[in-house]
């Protein structure tokens, strides 16, 4: 009797495993299709506004459609958002007066460029493909020098990584074996990493 029950349990487990595997196989093409159809990457024009969520960015559909700008000495003078603090962004209310933005949001779009809000500052985001880039410039407190740090945003899942050759290797390994093998043999990986990310985006865009 125990053997029979054990056999039934094994068969049931196997059926469940087969069912889960089948669902996964059926779901993968859908997920891949979702990745390749990020609307903002294929849009002919960008909609001006404030993205309250990552999904609004993906769909090129900011829900906060208000006039906004960078406040300077009591007036909206500066429309250069790259590197600007969120504390300097003001939005216009119904009475036409400007007030500091108090909404949690993912980023902004001025109709020409997208700016991601990252650690309370806005940075211009490249829309090259699934893997977008942005750069953060910071000043060294000890020495009067500026340092640039480059980042990669995965436009399909909102994950951000430092743009290092190690992280690029991991991305290439998961996305394209041929590029991964080719990059491993590159002598100057640091110099060539931008070229490989560009090529990867082009290949993903075709699929």
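Where residues in region 96-119 are touching a residue at least 60 places away in the same chain (Cβ under 8 Å) and either outside any loop (DSSP other than H, G, I, E, B) or not assigned by TED's automatic domain parsing to the domain that holds residue 57 (or both), which of them is surrounded by the most Cβ atoms within 10 Å (Cβ to Cβ)?
Checked region 96-119; the qualifying residue surrounded by the most Cβ atoms within 10 Å (Cβ to Cβ) is 114.
Please return the ranges of helices (runs of 4 or more DSSP H) entirely within region 1-92 where 1 or more residues are modelled with pLDDT of 95 or more.
Once the helices (runs of 4 or more DSSP H) in region 1-92 are filtered for at least 1 residues that are modelled with pLDDT of 95 or more, what remains is 39-42, 54-58.
Evaluate region 174-185: report whether one residue or more is outside the structural domain of residue 114 (by TED's automatic domain parsing), within 20 Å of residue 116 (Cβ to Cβ) and either touching a strand residue (DSSP E or B) at 6+ places or on another chain (Cβ under 7 Å) or in contact (Cβ under 8 Å) with a residue 24 or more places away in the chain (or both).
No, region 174-185 contains no residue that is outside the structural domain of residue 114 (by TED's automatic domain parsing), within 20 Å of residue 116 (Cβ to Cβ) and either touching a strand residue (DSSP E or B) at 6+ places or on another chain (Cβ under 7 Å) or in contact (Cβ under 8 Å) with a residue 24 or more places away in the chain (or both).
Quick one: would you say residue 159 is at pLDDT 95 or above and over 18 Å from the mean Cα position of the chain (by Cα)?
It is false that residue 159 is at pLDDT 95 or above and over 18 Å from the mean Cα position of the chain (by Cα).
Any residue in region 141-150 that is under 15 Å from the mean Cα position of the chain (by Cα), in a helix (DSSP H, G or I) and free of Cβ contacts under 8 Å to residues at least 60 places away in the same chain?
No: region 141-150 contains no residue that is under 15 Å from the mean Cα position of the chain (by Cα), in a helix (DSSP H, G or I) and free of Cβ contacts under 8 Å to residues at least 60 places away in the same chain.
The values are calculated or read from the model by the stated rules, or taken from the named source; none is laboratory data. This structure is a prediction, so every number in the text was calculated from the model and none was measured. A quick note on method: Cβ atoms are made from the backbone with ideal geometry, for glycine too, and the neighbour counts reach across all protein chains shown.
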